[in-house]
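Report on the following structure.
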Amino acid sequence: MQNNTFSTLFVGQNLIKLLSVDSTNNYLKKLTSNSEPLPNGTVIMAENQYAGRGQQGNIWHAESGKNLTFSVYLTTDFITIEKHFMLNMAISIALNNALVKYLPAGLSIKWPNDVYFVNKKIGGVLIENTIVGNRLKHTIIGIGLNVNQTVFAKELENKAGSIAQILQQDVDLTKLLNEICTQIEQLYLKLKNNETSLSTLYTAKLYKVNQLAKYRSLVDGRIFEGRIEGITAMGLLKIKPLNGDSIEFNFKEIEFLA
Ligand code: BTN
């Protein structure tokens, strides 16, 4: 166990810092298959990922040494499959709670778990569960946050942003990681203690909640205006079109247009 000075009980107490790795999620996955048990809350962080993975098979690009790219190992055997989205909510709220201490108003969670500032993505989460029976067993939470990177590829310039771009100054990566680990620990413990407020907290922070906006249904290609109302227990996104009844969308079934 590597020690550090994080002000947590367990998240980040075993912190493994790597200079370069394909993906911190992959590295952690290999560690979980070793015979030796991994301490709950183990964190792997890398200065550079050369094959960082995003959602839907995308590549996660992050300039070396300027950002946070890390993965957290959590035991999650108290979560049944039907409640798996609770973990997603807990992590999204934790990130929001940590970042709100650094940033002015404008932070939100773009469903299901993108970190947004105004209309730009500043971070993303890749959650990988190991399931046994009808329960999770353990989970790897991969987090990529654009922190001190200020230059993005042309095709990302309008969509991606960073904390340094917003603040016009650099942020200490270790302090920010400590804050995020602290928040993840608090929210994980809330989840474990069955606190019921997570869904309300999450919905209140949702990007575009209750606002009239344009969407494309990827189920039938229809473009419509409507308002996000919230999420279902399974984590589906509920949108009420201007004319019509609420529709529930699964991941990959909806595109945010404007
Ligand atoms: C997304 O597409 O929004 C999710 C991005 C997740 C990126 C992080 S960086 C650390 C961890 N390791 C990976 O390979 N991916 C996640």
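Each reported figure results from applying straightforward, stated rules to the coordinates on display, with no laboratory input. Everything numeric in this text was worked out from a predicted model, so none of it was measured. Because the Cβ atoms are built from the backbone with ideal geometry, glycine has one as well, and the counts that use them run over all protein chains shown.
Observations, loosely collected:
- Whole-angstrom gap from the stretch 186-218 to the stretch 221-258, using each part's C-alpha centre: 14
- Distance between the modelled labels on residue 220 and residue 258, one decimal in nanometres: 2.3 nm (7 Å Cα→Cβ projection).
- By other beta-carbon atoms within 10 Å, ranking 45, 234, 89 with the fewest at the front produces 234, 45, 89.
- In the distance distribution for the chain, Cα-Cα pairs more than 32 Å apart total 21 percent.
- For the chain, the dipole from Cβ point charges (+1 on Lys and Arg, -1 on Asp and Glu) about the Cα centre works out to 240 debye, to the nearest 20.
- Cβ crowding within 10 Å ranks 143, 93, 131 as 131, 93, 143, fewest other Cβ atoms first.
- Where GluC sites (Glu not before Pro) in DSSP loops with at most 16 other Cβ within 10 Å are excluded, longest remaining stretch of the chain: 64-156
- Stokes-Einstein D in µm²/s, Kirkwood radius over Cα pairs - the stretch 144-258 at 4 °C with 1.567 mPa s viscosity: 76
- Farthest positive-ward along the stretch 15-204 dipole, Cα basis, beta-carbon charges - from 126, 147, 201: 201
- For the stretch 126-258, size of Cβ-based charge dipole, Lys and Arg +1, Asp and Glu -1, in debye: 240
- For the residue pairs 205/240; 120/208; 137/192; 175/205; 83/190, the alpha carbons lie more than 22 Å apart in 175/205.
- Three principal axis extents describe the C-alpha atoms of the stretch 1-104; from largest down they are 43, 36, 34 Å.
- Reciprocal of mean inverse Cα separation for the stretch 115-195 (Kirkwood radius, Å): 14.9
- Per-bin percent of Cα-Cα distances, the stretch 212-256 [5 Å]: 6, 25, 37, 24, 8, 0
- Neighbour-count order for 217, 246, fewest beta carbons within 10 angstrom listed first: 246, 217
- Where labels lie 7 Å past Cα in the beta-carbon direction, separation of residue 82 and residue 100 in nm: 3.0
- Distance from the stretch 4-34 to the stretch 41-66 (C-alpha centre basis), Å: 13
- FRET E, pair residue 64, residue 242, Förster distance 45 Å, beta-carbon r, rounded to 0.05: 0.45
- Low-density loop positions, chymotrypsin sites (Phe, Trp or Tyr not before Pro), the stretch 1-62 - DSSP coil, at most 11 other Cβ in 10 Å: 50
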